[in-house]
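*Asks:* Mind having a look at this structure? Questions to follow.
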Amino acid sequence: MYRHAPYCTIAGILTTLYLFPLLVDAAPQVEPGYQVLRVTVKDAAQLQKLIKLDERRRDLEIWADQLAPGQLDVRASLAAKQALSEAGLRHTVEIQDLRAHYSTLFPGGGGDFFDNYRTYDEHIALMQSLVATYPNLAQMFSVGQSVLGREMWALRITGPGADKTGVLYHGGQHGNEIMGPAVVAYTARHVLQNYGSDAEVTALVDGLEWYLLPIMNPDGYVAGSRGNAAGADLNRDWGGPGSQPNPFSQPETVAVSALLIANPSVRVYMDFHTHGYMIMWPWGHTPEYCEDQPTFDLLGTLMADRIIEVRGTDYWRRGPVNTTIYPVAGGSNDYVYGDLGRWAFTIEIGYAHYMSPIEILPSAQEMAAALRGLSGWAADCNGNGILDKQEIDSGQAVDCNENLTPDVCEGIPDFDGDGAIDVCDPDTDNDGVLNEDDICPFSLPGAPIHTDGGPVGDSNGNCTVDHIDYARFRPCLLGSGPGTPPLQGQCEQYFDFDGDGDVDLADVAMFFDAFAPGAG
């Protein structure tokens, strides 16, 4: 297995940058006569019938969240609808006229960009506007071309400086999942508009190269179809462990793969889909945990905590793709993680493929908050998951290399061994040097100091009770389960606040008394 080295450099972008591309489509071009049906699949035999129809017919697409018996959504022409009936597959009509439905979702016109869903052309126009407004921070470039020759337009956003870690976030791999493009476009506008006024955003733009691709599958987006113009499901076309025969048969997956390969310091990847309120990671092809499951679990919790702060939405379904939604062979996460060794995620946004337009802005704000948290972790040069800017501001740590993170790059002793020069490493005895006499002085009044030298509740040794400790406290309180961080046998050491030898409900209030305000 490729090990995840801490990326601190970037190779640079190899594609040509543009400012004002030619617009080609005025509105979504959904073919007439299509409906969205809800098919009742009673058993495995009927499921196979539906899958075979999907494979044989270009005018039928399964839009299900999970390929299992039950109620499955399908996009079908009138002829495909008849074929379903002939196969004995009962169905009801969910969307009577998909073309007419799209006209209500994509009305065009003025107002804020995120008042409604926007067309391919409107996304291009927004990117042009952002580049024109923020020319020192944003560049527009084409990742590649779709089957029908549409450009896969993206933004590269970064502040001054070079040799930075990169992040790649995209939506629209499935063309019918129209919230993802809105989320990525909003994230681009958000970080640009808040640069210079929001300290966290400014640090993230200066410290990272952001690659933001709103619409990976422009042909599918324009046509209102899950697949691309060749009828391929792009999220089954990637290589990597467990991939299907003949991977990378489509130009869209080839283009994104080439972007990742050309930029080896892109450390984190996100693929937005709808729907189901899920945060997922590898593996998709097997129910086995990947070797970095504990770190993925902590990062999933970090993003979920950021999301819930926006308006209380709980993305509680978190875990590997295979066991959280369904098995996926040839998915992007398995390729990006398994072949390229990058941290790869998928978020299934919201409650439906076509959520009401009033959900666009709050959903985009939730996802931007999640990406701020994930990007902050990615910007941590030494990969320890701890951003310590607060120690710099308080004068308790130095930042010799000016990366806004006191880390191993500073060359200062790290006495608590957490990989960061932080509040656990101050000169607490005021003798002018950092040495073994300087122990972490921070704990709850009367709370015991555990054997690592930190306060009870601090399981990761950074001298504060934060979101990582919260992720570990929950399974210690509730018992082991899938995704449980590796604290078995240590729960009492870290979270037994009242010292009764057990982590129980009596410790809950004390935990939250210790929980750092705004942690995560």
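The values are calculated or read from the model by the stated rules, or taken from the named source; none is laboratory data. Just so it is clear, the structure is predicted and the values come from calculations on it, not from any experiment. Reconstructed Cβ throughout: ideal geometry from the backbone, glycine too, with neighbour counts over all protein chains shown. Heads up: the accessible areas ignore ligands, DNA and RNA and are worked out on the full protein's heavy atoms, side chains in. Shrake-Rupley method; radii C 1.70, N 1.55, O 1.52, S 1.80 Å.
*Asks:* Beta carbons within 10 angstrom, averaged per residue: use that to sort the peptides 171-183, 249-261, highest first.
*Replies:* Details: 171-183: 27.0, 249-261: 20.7.
Per-residue mean Cβ counts within 10 Å order the peptides as 171-183, 249-261.
*Asks:* Also, I was wondering about something else. Ignoring ligands, DNA and RNA, what percent of the accessible area of the range 178-284 is carbon or sulfur (1.4 Å)? It would help to have the intermediate numbers written out before the result.
*Replies:* Numbers: 1350 of 2470 Å².
Taking all protein chains in place, the range 178-284 shows 55 percent carbon and sulfur surface.
*Asks:* Work out, step by step, the length gained on full extension between residue 505 and residue 71: first 0.36 nm times the residue separation, then minus their alpha carbon distance; give nm to one decimal. Don't skip to the answer; put the middle values down first.
*Replies:* Values: separation 434, 0.36 × 434 = 156.24 nm, distance 3.95 nm.
Net length gain for the segment: 152.3 nm.
*Asks:* Rounded to two decimal places and with Rh computed the Kirkwood way over Cα pairs, what is Rg over Rh for the range 99-159?
*Replies:* Values: Rg = 13.7 Å, Rh = 13.2 Å.
Ratio of gyration radius to Kirkwood radius for the range 99-159: 1.04.
*Asks:* Once phi is turned into ³J(HN,Hα) by the Karplus curve 6.51 cos²θ - 1.76 cosθ + 1.60 with θ = phi - 60°, what whole-Hz value does each residue of the range 126-135 show in order, with x for glycine and proline?
*Replies:* Couplings: 4, 4, 4, 5, 5, 5, 5, 7, 10, x Hz.
*Asks:* Next question, about the same structure. Mind ordering 213-220, 40-47, 105-112 by average Cβ neighbours within 10 Å, highest first?
*Replies:* Working: 213-220: 28.8, 40-47: 14.4, 105-112: 11.6.
Those peptides, ordered most packed to least, come out 213-220, 40-47, 105-112.
*Asks:* I've got another one for you. Given a 1.4 angstrom probe, what's the average accessible area per residue across the range 174-248, in square angstrom? Present the calculation step by step, with values, prior to reporting the outcome.
*Replies:* Numbers: 1800 Å² over 75 residues.
That works out to 24 Å² for each residue.
*Asks:* Still on this structure, I have one more. With the contact rule set at Cα under 8 Å and sequence spacing of 6 or more, what percent relative contact order holds for the range 61-193?
*Replies:* For the range 61-193, the relative contact order is 14 percent.
*Asks:* Right, next: Taking only protein heavy atoms into account and a 1.4 Å probe, give the accessible area per residue of the range 119-159 in Å². Write down the numbers at each step before the final one.
*Replies:* On the way: 1340 Å² over 41 residues.
Result: 33 Å² per residue.
*Asks:* Still on this structure, please answer the following. Taking the Cα centre of the range 262-308 as origin and charging only Cβ (+1 Lys, Arg; -1 Asp, Glu), how large is the dipole, in debye to the nearest 20? Write out the running numbers ahead of the final one.
*Replies:* Details: 2 positive and 6 negative charges, 44 e Å.
I would put it at about 200 debye.
*Asks:* Quick one: 3J(HN,Hα) in Hz for the range 258-267, Karplus 6.51/-1.76/1.60 with θ = phi - 60°, rounded, Gly and Pro as x.
*Replies:* With the stated coefficients, the range 258-267 comes to 4, 4, 5, 5, 6, 10, x, 8, 5, 9 Hz.
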